[in-house]
Each structure stands twice: as C-alpha cells, then as structure tokens.
Amino acid sequence: MTTSTSSQAVQQGVRVAKARKTLLGHVPISSPFYKFHPVTRLIMFVFFGVIPLFIFVPEVNFALLLINLMLMRWGRVNLRGLRIYMPIIFTVAIFMFTVVILAPGNDPSYTPLQAGPITIYYQPVFFTFAAYWRLIAMLFGTILYFSTNRERDMLVALRTLRLPFIASYVIGLSIRSAGMFMEDFRTIREAEQARGLDTKAMRFSDQVKLYMMYLIPLFSIALRRADEISNALFARGYTLTGRVGRGGKRQDYIRSLYKIRSRDIIAIAAMALIFAATGYVQMRYGTFAIEHSPLNIWLRGQLGIPF
C-alpha cells in the first residue's frame, strides 16, 4: 500500500494494518529493515545473538539490550507486543536466582551475606546476575530478528549463502513447526475454554497434569501435518537434493528478487569488524571479564570484599 493510499484510507476512517501476522508473531508491513538484504538481517541476528557470549560485564549486555529496543523502535516494531515475553523473562530470573540461593556451592572463597534469615554468597549471586543479562541480551537479539523478518526472508538468506537445500529445508521447516505448534496449542486452549474449562480455578498439580495431556493432541497433529507436508512436497516435485526429476538444478525465483547492495556490504563489514574486535580483546586481554564490571567493583568496595 502506497503512502497516498494510506493517507486516503486514514481520511476515510478506514483502519490501516501496520503489521503482518507470521507463524512466529507479527512483523511491520513497512520497515527500514526491509531496505537491507535478508543475508544482512540474518548476519545481524547472528551478531546480536552470539556477541553476548564474549561479554561478561552486565552493563555492556544491558546496553546491547537497549540497542535492540532502539532498533525495534526504528524498525517500527510494536513494542507493546513484547509484553508476551515478560513471563519468560521473570520465570528465567526466578529460576536462576532460586538455584544459586539454594545451591551456591561450597567454595571457601565465597563471601557470605546475611539477607534476613537467608545466607547468600556474593560471588555466585553476582555471577548469576551477569549471566542473566547475557541471556536476556541474546533473547532480545532473537526477538529483534523474528519481529522484523518473515520465514521466507530466512530461507532467502540461507539460499543466498549457498546452504544445501536439505539443510535450508530442515531449518525452514523447524521454524514453521515452532509457529504451528504455538497455533495448535492456542487452538486447543481456546477449545477448552469454549467448553467451560476454567484453568484459573484449578490447583497447580491439576494444571501440570493438564499440560501433560496437551502432548497427546499436539503429537497427533504433528504426525498428521508431517505426512501432509511430505505429500505436498512430493506433489510439487521436490527432492532432498533440491534438483528436478531429470537431474537439473531447480531455478530459485524468490532469491532473484533480492539484490545485495553497497549498504549491505557496509553493514556486514561493520558487524564483522565489531565482532572480531570484541572477541579478540576479550580472549587476549579479558576486557569484558566480570572483574571489570563497574557495578561489581562498586559493590565490592561497599561491602569490603577484596578482589
């Protein structure tokens, strides 16, 4: 839809869609990200998803999180939709800190701190705090990618990188299966609610049993869908080698619609340079080690804990 058409629709009081539904969520209909080739966007996904592994300083990972949010805002992603990830964010935090409080280890160098009736140890708690922000930075790098790319964009990127057909097929099918799984699960829950099932009034143990029972219809649907996908691919002449029946190479029309431009080369080169520099200074000098965290240094000074 062009800009003039959109403005006319707004003047007439017609609601204009701003996002397109995919199997893994919603992506904006128009976004500055679409000016870049799918390969550039895939490399950005790898960049934001892997670079936190070299960074142990929580402040830097928190800055990466803010960069991801700013890129989402720039890419016209509906930030209100991120609320669906809040249960995961809080659940991971509760699980990680519960484990480190109940099972901190028995290293004699740990510094005990009294928090009411509970004794915690500074070193494993701060390490868990730093690890949590690494995980969140990686998570939002993934959210950024799937909030600005459709499944087809990933397949185009993989084909452009000359990934074997069977590998790109498995990856693409896995992504689609994840989205279909969520859709099937939502359908089953809505069917139960339509029949009067109130899960909020159930005990926790009953809710756990109910979730275990979901595996039966989900597994049956997955088997039926796998057979349907296999028959559909066979009817269209697809083979595991990606070649047609006579042995020739199949033409890839979708890939021909995308061209790598100078801005893609500049963006890829910049990300590769930053990634290589980050990995080098961390492995060579330990620049992003947890000991260099300003928060860690400040807390140790306040608590009188030596390095």
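Values as computed for the structure displayed
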{"quantity": "Some residue of segment 104-116 being within 20 Å of H292 (Cβ to Cβ) and either in contact with an Asp or Glu (Cβ under 8 Å, 6 or more places away or on another chain) or modelled with pLDDT of 95 or more (or both)", "calculated": "no"}
{"quantity": "Residue match in segment 123-138 (condition: charged (D, E, K, R) and touching a residue at least 60 places away in the same chain (Cβ under 8 Å))", "calculated": "yes"}
{"quantity": "Among the candidates L53, L64, residue that is part of a helix (DSSP H, G or I) and closer than 28 Å to Q302 by Cα", "calculated": "L64"}
{"quantity": "Test for L163: is it of a type in the set (A, V, I, L, M), out of contact with any His (no Cβ under 9 Å at 6 or more places or on another chain), outside any helix (DSSP H, G or I) and closer than 30 Å to I274 by Cβ", "calculated": "yes"}
{"quantity": "Residue, nearest to F54 (Cα to Cα), within segment 92-132, restricted to residues that are of a type outside the set (V, I, T) and part of a strand (DSSP E or B)", "calculated": "Y121"}
{"quantity": "Cβ pairs under 9 Å, 6+ apart, first in segment 25-53 and at positive phi, second part of a loop (DSSP other than H, G, I, E, B)", "calculated": "G25/S147"}
{"quantity": "Filtered residues of segment 113-127 (kept if surrounded by fewer than 16 Cβ atoms within 10 Å (Cβ to Cβ) and out of contact with any helix residue (DSSP H, G or I) (no Cβ under 8 Å at 6 or more places or on another chain))", "calculated": "Q114, A115, G116, P117, T119"}
{"quantity": "Qualifying residue in segment 95-107 (condition: within 15 Å of the chain's Cα centre (by Cα), more than 15 Å from L144 (Cα to Cα) and of a type in the set (V, I, T))", "calculated": "no"}
{"quantity": "Residues of segment 6-39 satisfying the condition of being in a loop (DSSP other than H, G, I, E, B), farther than 28 Å from I266 by Cα and at pLDDT 65 or above", "calculated": "A17, K18"}
{"quantity": "Options L144, L158; residue that is assigned to a helix (DSSP H, G or I), in contact (Cβ under 8 Å) with a residue 24 or more places away in the chain and assigned by TED's automatic domain parsing to the domain that holds E291", "calculated": "L144"}
{"quantity": "Yes/no for L79 being within 19 Å of the chain's Cα centre (by Cα) and at pLDDT below 90", "calculated": "yes"}
{"quantity": "Any pair with Cβ under 6 angstrom, 6 or more apart, that starts in segment 96-119 at a residue that is assigned by TED's automatic domain parsing to the domain that holds L299 and ends at one that is exposed (fewer than 11 other Cβ atoms within 10 Å of the Cβ)", "calculated": "T119/P112"}
{"quantity": "Residue match in segment 173-188 (condition: of a type in the set (D, E, K, R), modelled with pLDDT of 85 or more and either assigned to a helix (DSSP H, G or I) or under 18 Å from F45 (Cα atoms) (or both))", "calculated": "no"}
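For every residue, the table says whether it meets (1) surrounded by 11 or more Cβ atoms within 10 Å (Cβ to Cβ); (2) within 27 Å of the chain's Cα centre (by Cα).
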site: F140; (1), (2): yes, yes
site: F146; (1), (2): yes, yes
site: F165; (1), (2): yes, yes
site: R195; (1), (2): no, no
site: R203; (1), (2): no, no
site: L215; (1), (2): no, yes
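Residue by residue, here is whether (1) within 30 Å of I260 (Cβ to Cβ); (2) modelled with pLDDT under 75; (3) touching a helix residue (DSSP H, G or I) at 6+ places or on another chain (Cβ under 6 Å) holds:
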{"position": "R162", "(1), (2), (3)": "yes, no, no"}
{"position": "L197", "(1), (2), (3)": "no, no, no"}
{"position": "M202", "(1), (2), (3)": "no, no, no"}
{"position": "I221", "(1), (2), (3)": "no, no, yes"}
{"position": "F234", "(1), (2), (3)": "no, yes, no"}
{"position": "G237", "(1), (2), (3)": "yes, yes, no"}
{"position": "T241", "(1), (2), (3)": "yes, yes, no"}
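The values are calculated or read from the model by the stated rules, or taken from the named source; none is laboratory data. If you're wondering where the values come from, they're calculated on a predicted model, not measured in any experiment. When we count neighbours, we look across all protein chains shown, and the Cβ atoms used for this are built from the backbone with ideal geometry, even at glycine.
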